[in-house]
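K.L.:
Structure provided below as C-alpha cells; questions to follow.
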Amino acid sequence: MKPVTIIHGRAYPLGRDNIDTDLIIGAEHLKTVSRSGLGRFAFETLRSEPGNLFDDPVFARSPILIAGANFGCGSSREHAVWALIDLGVEAVIAPSFSDIFSANAYKNGVVTVALSAGKVARLMAFALTGKITIDLVAMTVSASGMQTTFMLDPFRRECLLRGLDEIALTLASEPVIRAYELRSGT
Amino acid sequence: MTTRPRTLYEKIWEDHVVERHDDGTCLIYIDRHLVHEVTSPQAFEGMRAAGRRVRRPDLTLAMADHNLPTTQRVDDAGARLPIADPRSAEQLATLKANVAAFGVPYIGETDAAQGIVHVVGPEQGFTLPGTTLVCGDSHTAAHGALGALAFGIGTSEVEHVLATQTLMLRPSKTMEVRVEGTLGPGVSAKDVILAIIGHIGAAGGAGHVIEYRGDTFAAMSIEARLTVANMSIEAGARSGLFAPDQTTFDYLEGRPMAPRGAEWQRRLEYWRSLPSDPGATYDRSVWLDAAQIAPNVTWGTSPDDVVPITGSVPHPATFADPGRQAAAAKSLDYMGLAAGTAMQDIKVQHIFIGSCTNSRIEDLREAAAVMRGRRVNSTIRQALVVPGSGLVKRQAEAEGLDRIFVEAGFEWREPGCSMCLGMNPDKVPPGERCASTSNRNFAGRQGPGARTHLLSPAMAAAAAVTGRLADVREMIP
C-alpha cells in the first residue's frame, strides 16, 4: 500500500448525517469481482438530487469528502471505500464514522478524520471556495484561517504513514498464532 | 489477589488474545468464518496474487445467498436452471471456483441446507457460544444470539482471516441493554429491537458491543434472540451478545456441526462460565420496559426513524438535533410522506417476509397465524415469503405453512437474501412501498427509488391483509 502523509485539495461539502454504504454504492454494483471502476456509480441516488456535487466540474477529483455524523453506517461492503477511491477521494472528514467503515477505509489507505460538528460545519462552508490540507505527520487539518488537530488510532496511523501490509505483518506472528492454537485446542 | 468481575464480552475477548501490542491493539483469534459470494472475490484474488493459502479451511464455511434467484432453481428433470443476470452468475461461479481452489467447505446452491449465512450458521451448529465468528456481512452480529462474539468485516479483513485466522482489533466499549417484563400480545422480538434502535439511535451503539440482558430476553427463544442480535448493527454496534443459557444449549445439542459426546460436555462446562459476573460494569446502560413496547414500524430512511403503529409520521422540527432535522426532511421527501400522516393510513404495494432478520420457522409461523383464513388484499402487487434456508422451507412445508401463504395469495420462494437488498431479481419498483421484515430502510435498499417500512412478520401479514400498515393486535384473538 502507498504511504499517506499529506492530502491537499478541494473537498466535496456533502454534509448530511447517516450516509449509509448503500447510498455510497448501491447493491446492484456489488456484483463485480474486482475493486476498480466503481467511482462512476458512487452516490447514484444523491446524483439525481438538485445541487448534486458529484458531477459538478468545480469538485471533480476532489481528494476530500466532508460529511455528517455516522458516515458509512450500514452494510460492511468495502465496495463503498473502493468507490470513493475510484472517485479520487483519499480522506473523509465527519463528526463520526461507523466502526466497520473506518476499519475498511484505513485498510485501503483512506483517512477518516473525526472532528466536532461545529468544526465540520465550518469546513463545509470553507470547502465551497477553498482548499483543505490534512497532515498525517502533524495530525492537523488546515484551511485558510483555521487549523485544528485530530486523533487517529496509533496503530492505524503507523500503518497509513508507512503503507504497511497488515497481512504480511500478522504472518510474521505465525509462531504465536500456532502456539495459541495448540494452547486453546483450536 | 481478587479477580475483577468481568462481562461476557471481556471473557470471550481475553480468551482470544493471541498477542497484545503496547498501544492496546490485540491480535484476536477467529474461531469461525462464514464466506459468501459478494464480499469474498477480491479477498481470494488477493490471496492468489500473494501466493497465500487458507490457513484453516476447517474453521471456514462458504455458501451463496445474496445473488441467488428465489424462483425455481432446478427443472422438473433435476437439471440446474441458468441464472439470467450474467454478473450474478459470474459472482456465483467465482465463489464456487474459489472454494474448490482453496479447499474451503461449501454448501452448494441447490443443496438442501443452502440458505442465508446467518440462518445456516446457527441451524448447522457452526455457530457456538464463546467463539469469535466473522463474516463479510454486517448482520453477522446475529450470531451473538448464541453467545458468540460475532461481527461483520470488510473484504480486506476477510482476506486477513483467510490468510491468518486472526484480526488486529482494539477492545470495544460495552453497553448493557436491559429489557424487563412481559411483551404484550402481537409484540415480537422485532418490535423490541426496533424500540431499542429508536431509543439509542442509529449510531447509539458505535464503538460498543451490546449485551442484551433482563428477563424479557431470558424468556426469548434462540430464533427471537437472533432477530434482536441481528439488528445490533442498525444501532451502530458491531456486535450484540446474549449470555448462553439452557435455551442455547437445548437449541444446539445434536445439530450437525455442533460438538458431541465428551467434547460437548467439555464445551458445556466452559459455556456455563461465560455469563457476566455479578457486579461486572458496563460503559453504558440503557433500560426499557417490555410492557411499554408496541408493534413498531419505520417511517423514514434510517432504522431509528421508528414509531409505534398507533403513531404518526413525525414533523422534522420536533427533533432537537439540526442534523437529524435535515435528515428527517430528506427522508420524508424520499418516502413521499407528509408529516402528521397516521401510520395506519399508509398504503403499501409490496409485502416481503424474509431476510436474515426474520426468515426462520418461528417467523413464518407468526405470519402464517395471521394469514390463516385471510387473503392478501387485492391492492397488493407482490407478496413474497422467502424462507431463510432450505431446511426452514422444508420444515414450513411439513407444517403446511406454505399452503396457508399460497392460498392467501403469497408467492412461496426458494431461500436467499432476496428483496432485503435486491441483488437478485426480487426488487421493489421505484416510488412503490414495501412492508418488509428485513433490517434496512435505507434509500434505494430494496431497489432504486423503493420505499421501505420495517416491521415484524405478524405486522407484515397484517399489512398484506389490509393493503396498508395495520395494527396486528386488532387481528389476533
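K.L.:
Out of all the residues in the stretch B:127-151, which are touching a strand residue (DSSP E or B) at 6+ places or on another chain (Cβ under 7 Å) and either surrounded by fewer than 24 Cβ atoms within 10 Å (Cβ to Cβ) or hydroxyl-bearing (Ser, Thr, Tyr) (or both)?
P.N.:
Selection gives B:Thr127, B:Thr131, B:Thr132, B:Ser138, B:Thr140.
K.L.:
Any idea which residue in the stretch B:215-236 is farthest from the other protein chains (Cβ to nearest Cβ), counting only those that are under 18 Å from B:Val187 (Cβ atoms) and outside any helix (DSSP H, G or I)?
P.N.:
The extreme case among them is B:Ala219.
K.L.:
Separate question: Of the residues B:Ala145, B:Ala150, which single one is assigned to a helix (DSSP H, G or I) and either closer than 19 Å to B:Ala235 by Cβ or out of contact with any Asp or Glu (no Cβ under 9 Å at 6 or more places or on another chain) (or both)? Reasoning before the result, please.
P.N.:
Numbers: B:Ala150 fails: assigned to a helix (DSSP H, G or I).
After ruling out the rest, the residue left standing is B:Ala145.
K.L.:
Also, quick follow-up: Could we say that A:Pro13 is at pLDDT 95 or above, buried (at least 20 other Cβ atoms within 10 Å of the Cβ) and closer than 30 Å to A:Leu164 by Cβ here? If you could, list the steps in order and put the result at the bottom.
P.N.:
Working: at pLDDT 95 or above: yes; buried (at least 20 other Cβ atoms within 10 Å of the Cβ): yes; closer than 30 Å to A:Leu164 by Cβ: no.
So A:Pro13 fails the test.
K.L.:
On to the next question. Could you list, in sequence order, all residues of the stretch B:168-199 that are in a helix (DSSP H, G or I) and under 23 Å from B:Glu362 (Cα atoms)? Give the derivation first.
P.N.:
Quick first cut of the stretch B:168-199, residues in a helix (DSSP H, G or I) only: B:189-199.
Those that are in a helix (DSSP H, G or I) and under 23 Å from B:Glu362 (Cα atoms): B:Ala189, B:Lys190, B:Asp191, B:Val192, B:Ile193, B:Leu194, B:Ala195, B:Ile196, B:Ile197.
K.L.:
Considering only the stretch B:446-477, state which residues are of a type in the set (Val, Ile, Thr) and modelled with pLDDT under 95.
P.N.:
The answer is B:Ile476, and nothing else.
K.L.:
Counting only residues that are free of Cβ contacts under 8 Å to residues at least 60 places away in the same chain, part of a helix (DSSP H, G or I) and farther than 17 Å from B:Gly416 by Cα, which one in the stretch B:91-111 is farthest from the other protein chains (Cβ to nearest Cβ)?
P.N.:
Looking at residues that are free of Cβ contacts under 8 Å to residues at least 60 places away in the same chain, part of a helix (DSSP H, G or I) and farther than 17 Å from B:Gly416 by Cα, I get B:Ala100.
K.L.:
Take the stretch A:2-33 and flag every residue that is part of a loop (DSSP other than H, G, I, E, B) and either of a type in the set (Gly, Ala, Ser) or more than 7 Å from every other protein chain (Cβ to nearest Cβ) (or both).
P.N.:
Step one: list which residues in the stretch A:2-33 are part of a loop (DSSP other than H, G, I, E, B), which gives A:2-5, A:10, A:16-19, A:25-26, A:32-33.
Within the stretch A:2-33, A:Lys2, A:Pro3, A:Val4, A:Thr5, A:Arg10, A:Ile19, A:Ile25, A:Gly26, A:Thr32 meet the criteria.
K.L.:
Determine if the stretch A:71-82 includes at least one residue that is surrounded by fewer than 24 Cβ atoms within 10 Å (Cβ to Cβ), aromatic (Phe, Trp, Tyr) and over 9 Å from the mean Cα position of the chain (by Cα).
P.N.:
Filtering the stretch A:71-82 down to residues surrounded by fewer than 24 Cβ atoms within 10 Å (Cβ to Cβ) leaves none.
No, because not a single residue in the stretch A:71-82 is surrounded by fewer than 24 Cβ atoms within 10 Å (Cβ to Cβ), aromatic (Phe, Trp, Tyr) and over 9 Å from the mean Cα position of the chain (by Cα).
K.L.:
Filter the stretch B:321-347 down to the residues that are surrounded by 13 or more Cβ atoms within 10 Å (Cβ to Cβ), more than 14 Å from chain A (Cβ to nearest Cβ) and in a loop (DSSP other than H, G, I, E, B) and list them by number.
P.N.:
B:Leu337, B:Ala339, B:Thr341, B:Ile346
K.L.:
What are the residues in the stretch B:428-441 that are within 12 Å of chain A (Cβ to nearest Cβ) and surrounded by fewer than 24 Cβ atoms within 10 Å (Cβ to Cβ), if any?
P.N.:
B:Pro430
K.L.:
With the structure loaded, tell me whether B:Leu167 is more than 12 Å from every other protein chain (Cβ to nearest Cβ) and either closer than 14 Å to B:Ile12 by Cβ or free of Cβ contacts under 8 Å to residues at least 24 places away in the same chain (or both) or whether it fails that test.
P.N.:
no
K.L.:
Assess whether B:Ala202 counts as being in a loop (DSSP other than H, G, I, E, B), hydrophobic (A, V, I, L, M, F, W, C), within 14 Å of chain A (Cβ to nearest Cβ) and farther than 28 Å from B:Leu27 by Cα. If you could, list the steps in order and put the result at the bottom.
P.N.:
Values: in a loop (DSSP other than H, G, I, E, B): yes; hydrophobic (A, V, I, L, M, F, W, C): yes; within 14 Å of chain A (Cβ to nearest Cβ): yes; farther than 28 Å from B:Leu27 by Cα: yes.
Taking the combined requirement at face value, the residue satisfies it.
The values are calculated or read from the model by the stated rules, or taken from the named source; none is laboratory data. This structure is a prediction, so every number in the text was calculated from the model and none was measured. Neighbour counts run over all protein chains shown; Cβ positions are idealised from the backbone, glycine included.
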